[in-house]
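Working notes for the structure below.
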Amino acid sequence: MSGSRAGEERAIAYVAAHGDALARARADVLAGRAAAERVLAEVRDEDAQGPLARILHLLGVCDDHHMLRAPLAERACATLVRAQAADGSWSDATLGAAQDAVYATGMLAGYLAKMRCARPETLDAAGAFLASRWSPDLVQGARWENLAACAHYFANALHERADEVLQWCGRELERGFRTRAFDAVRTARVFAYCDAHAVPGAQLDAQELVVALWTEQRADGCWAPSHAIAPAQRVACTIDALIALRHLGGASRARRPTAARGAPARG
């Protein structure tokens, strides 16, 4: 058994042992034991009419499993159109104090930019809000949430300031990774959000991140930053790592997830 295959097996076993029903379903899909519809059946409990935190989670799961064209995701898209503020932003107290309107808007609009149902005016309004808040200070100082959100939107939507913003995001992402402010999982997560194997401004390539990801896997099969004490945090981080490895080409090809019938390569 290859090193990557053995590492995947340990990770999937960890999620199966410690995860909830949705996490176990995602592990089965990642292991090739179930089709992506299995994840949709579990994530359906995440009410598309609920708070933004639930919609953000729902769209994130759908994106990870290439299901942004699923009816459930498209209903969430319609909800977001109705919930968008006049200034183009989204914000919700359920996201938490550290995840403010910049984070919510960048992440949600990034997902919408990958969806065929998104209206151009919705994306343009979100971009105008983010551009009005933009300065390099927004992503400096290891501010991963802002960095991820800005990179997510500007890498997937058409905007005249995209290159400028992404150059800063790339430089700060590499700085965070080199100084260990960001672990490999969070760094690779940004690459996956951008749907890219490289980010402008960052002298990081997919292979370097793949090596770093496998190096950071723990003996019990999980990935977890030092502050992730709760089992749920470790499970989430482990799924993030497995998704990143598939995106970057560092996972066993025999373990590619089965896409939902009719689903495109991307949403």
Suppose every Lys and Arg Cβ carries +1 and every Asp and Glu Cβ carries -1, with no other charges. What dipole size does region 3-255 come out with about its Cα centre, to the nearest 20 debye?
540
Here P(r) for the chain, Cα-Cα distances in 10 Å bins, as whole percents, is 7, 31, 38, 22, 3, 0
A chain fully extended from Asp163 to Ala53 at 0.36 nm per residue, minus the present Cα-Cα distance, gains in nm 36.8 nm
Within region 187-220, list the residues whose amide N lies under 13 Å from a label point set 7 Å along Cα→Cβ of Arg180.
216
Any idea which of Thr187, Val81, Cys222 is furthest toward the positive side of the dipole for the chain, if Lys and Arg beta-carbons carry +1 and Asp and Glu beta-carbons -1?
Cys222
Using a Förster distance of 22 Å, how high is the FRET efficiency between Gln207 and Glu9, based on the Cβ-Cβ distance and rounded to 0.05?
0.50
For region 10-82, what number results from the quotient of the Cα radius of gyration and 2.2 N^0.38 Å?
1.12
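None of the figures in this text is laboratory data; all of them are computed from the coordinates on show. Since this is a predicted model, take the numbers as computed values, not measurements. When we count neighbours, we look across all protein chains shown, and the Cβ atoms used for this are built from the backbone with ideal geometry, even at glycine.
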